[in-house]
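The values are calculated or read from the model by the stated rules, or taken from the named source; none is laboratory data. Since the structure is predicted, the reported quantities are computational estimates derived from the model, not experimental observations. Backbone-built Cβ (ideal geometry, glycine too); neighbour counts: all protein chains shown.
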Amino acid sequence: MSEDKEMEDAEDSLSVSEDEEIDLDEVDESEELDEVDEVEKVEEPETGAFLVIGQGDFSMSRSNRGADDPGDNTLCEPQYATVFGDMLFVSDRGNHRVLIWEQFPEENGEPSSLVLGQEDFADCLENRGITTTLDEMTSGLGDEDLDGFTISKSEEDTLSQPAGIAVIDGKLYVVDSGNHRVLRWGGIPTEDGEAPGLVLGQDNMDDNEANRRGFVGSGSLFFPMGIHSGDDKHVLVADKDNNRVLIWNKIPFSDGWNADVSLGQKGIDERWPNQGEFDNVGQDTLSFPTGVHFDAENERIFVVDQGNNRVLIWNKIPRETGAAADVVLGQKDFLSREPNRGNGPKRASADNLYFPTDVVYGKAGLFVSDSGNNRVLYWKEVPTENGQPADMVLGQSSLTENIFNRGWDDASNCTLNDPYGLLLIDEEEEEFRGIPMADDDDDDNEETALVESESAEEPEEPQPKFKLFICDRGNSRIVVWNELPYPKEEKEEDEFEELRVDDENLLIGDEEDDDFYDEDDETPAGELPSA
């Protein structure tokens, strides 16, 4: 062989060696990347709402989406909601109107179909801008110095700060708080601005004085808030500034119909917080109640006693005025009333409340909007003991946190800011149509999930089928949840368990494991071939 030929072969050999060395470097780098990928944890998204109403997406939180005027798809401090068939009704407090969706929204921010209290969707003035001057009416407010003062004046088709809303026996009821009345339509409205046909709390549709010119009685109201029925027979109203809950045992038939029972006061014509002794809270007193719910099946009544930072439960519907409650939540006993059990406004826990607003109960459980703590508390079963702690929290990552929107710059599908009215729809309610429950595909996965968790101490509980509407007032939206935020089981620890060895001095891959080798070769199955 010539000297030139030997030089060419040597160069080729060197070139091949360099290529092989580059290939090995690439393999080593890819192997390192694979190892890094295996270590990285993939965080599952946190459980939250699946639908938002009033905003374009979950991050938005400005009133009327930041516009000067409202629209058919915006909200400003919504307070309560209800459904009837496929229809959704929302009291839009800041815009002094009620919005109606004739078909339940399927996508975020869908526009509504009808508006009540205003002539069109662009209007938002209280009582449509109508005013009056105080004169002889001043005596009803107890202050003669207000003589000549201009106030908003109601008419039959106007609204002022609407609150509670319900469909009872096929008729729409709206609590018109600022006008100290409850309005009832003869059925379900079909036109914008349609006027109601009956009023409670006032003698007629034109009056809007508190307590019918200052005379407290069984047919008067002073800034009422929540309303509920539960059986299409009883009507219950949280008469907030009269510090009582009124119960009509029969559907009212005419304007100003008198209630039958008052809770929170000893007499039907009394109205002071905690029966006149503000700090002397008791088992039969109320201070600014805002929410009421009647569980007709079990005849239980739940009342949100906001001023006393608690929820009261009557195990049977009271037949007489002044009946005492049976259970209290948010406080250790019936004699306590301080926010968060006296721990202050910044120290939330599983067994305290701070300025709660509404309560709902169904087969899915009991929910309470704990507005001051920017969360909704959940009890799987109706509590039977005073101060019983909640089982779960919505809107916060733990039961000890209470910052609005968790202190984030933007809202999200799992945060809340001043949650107000609640609406709970159970899967079993046949009247309700059109809203998807928890994904049906999850049913097929429940058995698999249970099998996978057999080794755990407690198997995962199946999700109840429900829809929970939360009027997220501070974020000017309504968020709809269909899943409870159960803690996620961390499977990374189980995977890491497989890598443990009996002898810590052995390197991984040095243990004598028959499964690690090929049957026909002594080379480990996962090892790369040598260069």
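In segment 412-433, the residue that is modelled with the lowest pLDDT out of those that are not in a loop (DSSP other than H, G, I, E, B) and not small (Gly, Ala, Ser) is Asp426. Could we say that Ile168 is modelled with pLDDT of 95 or more, β-branched (Val, Ile, Thr) and surrounded by 14 or more Cβ atoms within 10 Å (Cβ to Cβ) here? Taking the combined requirement at face value, the residue satisfies it. Quick check, is Gln202 in a loop (DSSP other than H, G, I, E, B), within 29 Å of Ala325 (Cβ to Cβ), polar (S, T, N, Q) and touching a strand residue (DSSP E or B) at 6+ places or on another chain (Cβ under 8 Å)? No: the conditions fail for Gln202. Is segment 303-312 home to any residue that is crowded, with 21+ Cβ neighbours inside 10 Å and in a loop (DSSP other than H, G, I, E, B)? Scanning segment 303-312 turns up at least one residue that is crowded, with 21+ Cβ neighbours inside 10 Å and in a loop (DSSP other than H, G, I, E, B). How many residues are among the aromatic types (Phe, Trp, Tyr) and more than 19 Å from Gly164 (Cβ to Cβ) if we restrict to segment 271-313? Here the count works out to 2.
Can you pull out every residue in segment 74-85 that is touching a Lys or Arg at 6+ places or on another chain (Cβ under 8 Å) and surrounded by fewer than 24 Cβ atoms within 10 Å (Cβ to Cβ)? If the condition is that a residue be touching a Lys or Arg at 6+ places or on another chain (Cβ under 8 Å) and surrounded by fewer than 24 Cβ atoms within 10 Å (Cβ to Cβ), then Cys76, Glu77, Gly85 are the ones that fit. Got at least one residue in segment 69-81 being more than 18 Å from the chain's Cα centre (by Cα) and at positive phi? No, that holds for no residue. What are the residues in segment 229-287 that are under 14 Å from Gln306 (Cα atoms) and modelled with pLDDT under 95, if any? Phe278, Asp279 - these are the residues of segment 229-287 that are under 14 Å from Gln306 (Cα atoms) and modelled with pLDDT under 95.
Where strands (runs of 3 or more DSSP E) sit wholly within segment 38-132, those with at least 3 residues that are under 18 Å from Ala195 (Cα atoms) and at pLDDT 95 or above occupy 87-92, 97-101, 114-116.
Condition check ((1) surrounded by fewer than 20 Cβ atoms within 10 Å (Cβ to Cβ); (2) under 19 Å from Leu183 (Cβ atoms)) across all residues:
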residue	(1), (2)
Val52	no, no
Gln55	no, no
Arg65	yes, no
Gly71	yes, no
Met87	yes, yes
Val90	no, yes
Arg97	no, yes
Gln103	yes, no
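Taking the listed residues Ser287, Ser262, the one that is within 26 Å of Gln79 (Cα to Cα), part of a strand (DSSP E or B) and among the polar types (S, T, N, Q) is Ser262, with no other qualifying.
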